[in-house]
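Only one structure is covered here, and it is reproduced in the block below.
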Amino acid sequence: MRPYALLLLYPLMWQAEASPNEPVQEGTLANQQLIRDAMVGVAGWVATKGCDAPERFVPVVLQRPEGEPGSRYWQERWTVTGCGNDYPVVIDFRETGMQSAMWTIAP
């Protein structure tokens, strides 16, 4: 019965190793316009958590870009500091052409 117990635990062990929230790079891959656009939504999200005065954000890349140029996608976490707290905000970015991109705050 013991070998079967290890087989049952293997998926849990693999899942623990492949944590999607570990940074792969410091900083952001977004350009200045995309940062400004996303920051409006991030500030709104933080306000829903009780902080109307975000002071700074520290971005890290969680997933490197994948896909073809013009349709690449990646994920970042922006940790917003304000009101005496840190608010980690996970953002999915997706290019919608060679000169445009969209973002969504991940649930």
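The table below gives the values:
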{"quantity": "Asp86, Asp37, Asp52, ranked by accessible area, largest first (probe 1.4 Å)", "calculated": "Asp52, Asp86, Asp37"}
{"quantity": "Exposure of Tyr87 as accessible area (Å², to 10), given a probe of 1.4 Å and all protein chains", "calculated": "30"}
{"quantity": "With all protein chains modelled, accessible area of Val24 [1.4 Å, Å²]", "calculated": "70"}
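The values are calculated or read from the model by the stated rules, or taken from the named source; none is laboratory data. A quick note: this is a predicted structure, and the numbers were derived from the prediction, not measured. Only protein heavy atoms, including side chains, enter the accessible area calculation; ligands, DNA and RNA are left aside. Shrake-Rupley method; radii C 1.70, N 1.55, O 1.52, S 1.80 Å.
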